[in-house]
Amino acid sequence: LTHAHVRIHTLTYSLLPANTHFNTEHLSGITDPEHEELSLAQLDIVGTDRIRVDAQKHRVAVQFTPTVPHCSVATLIGLSIRTKLIRALPSQYKIDVRVTPGSHVSEGAVNKQLNDKERVAAATENSRLITTVNRSLERSYS
């Protein structure tokens, strides 16, 4: 596999150190909070074409596309993605999670919430919210 190729479940970039793969299964196994029987990948909310990894700069950027422009759980989906990446990646990685441009009516507000460390920390301290996030992440660990 050369640096220019992308496989469905594993991305390899020339910027990644030797033998390092960013496994998109980290994200594709996350389930939708409203439709727990369906994964974000099955709903085309996340995909390899919307994930960027730069290991030299320790950055991962993910765009996700809610199923409808007025999706009421867009922030929760984004929080699930961010939480999974925080748990899966080394701590030096900067994680950027955003709604795909033009895909949600409250795109700016959702993006602001998802990339504000204090808001994310507060959200993960909310026991009801973190229970919902953990339920969404269960399949992504199997």
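Extension gain for Ala121-Glu36 works out to 28.2 nm (0.36 nm per residue, less the C-alpha to C-alpha distance).
Partner aspartates and glutamates whose Cα lies under 19 Å from the Cα of Lys117, excluding those fewer than 8 positions away in the same chain, are identified as Asp96, Glu107, Glu125. Amide H contacts under 5 Å for Val97: Val62, restricted to partners 5 or more places along the chain or on a different chain, H placed in the peptide plane at 1.01 Å from N. Per the Debye calculation on region 37-142 with a single equal scatterer at every Cα and no solvent contribution, log₁₀ I(q)/I(0) for q = 0.12, 0.17, 0.18, 0.21 Å⁻¹ amounts to -0.38, -0.79, -0.90, -1.25. By the Stokes-Einstein formula, at 1.002 mPa s and 20 °C, region 65-124 with its Kirkwood radius over alpha-carbon pairs has D equal to 181 µm²/s. Each Lys and Arg contributes +1 and each Asp and Glu -1, all at the Cβ; summed about the Cα centre of region 52-113, the dipole is approximately 220 debye.
Highest mean packing first, where packing is the average number of other Cβ atoms within 10 Å per residue, the peptides 122-133, 34-45, 104-115, 70-81 line up as 70-81, 104-115, 34-45, 122-133. Accessible area per residue for region 91-142 is 65 Å², calculated with a 1.4 Å probe on protein heavy atoms, without ligands, DNA or RNA.
Karplus-based coupling profile of region 64-79, in residue order and whole Hz: 10, 10, x, 5, 9, x, 10, 3, 7, 10, 4, 5, 5, 4, x, 5, with θ = phi - 60° in 6.51 cos²θ - 1.76 cosθ + 1.60 and x standing for Gly or Pro.
The values are calculated or read from the model by the stated rules, or taken from the named source; none is laboratory data. Computed from a predicted structure; not experimentally measured. With ideal geometry, Cβ positions are generated from the backbone for all residues, glycine too; neighbour counts draw on all protein chains shown. Only protein heavy atoms, including side chains, enter the accessible area calculation; ligands, DNA and RNA are left aside. Shrake-Rupley method; radii C 1.70, N 1.55, O 1.52, S 1.80 Å.
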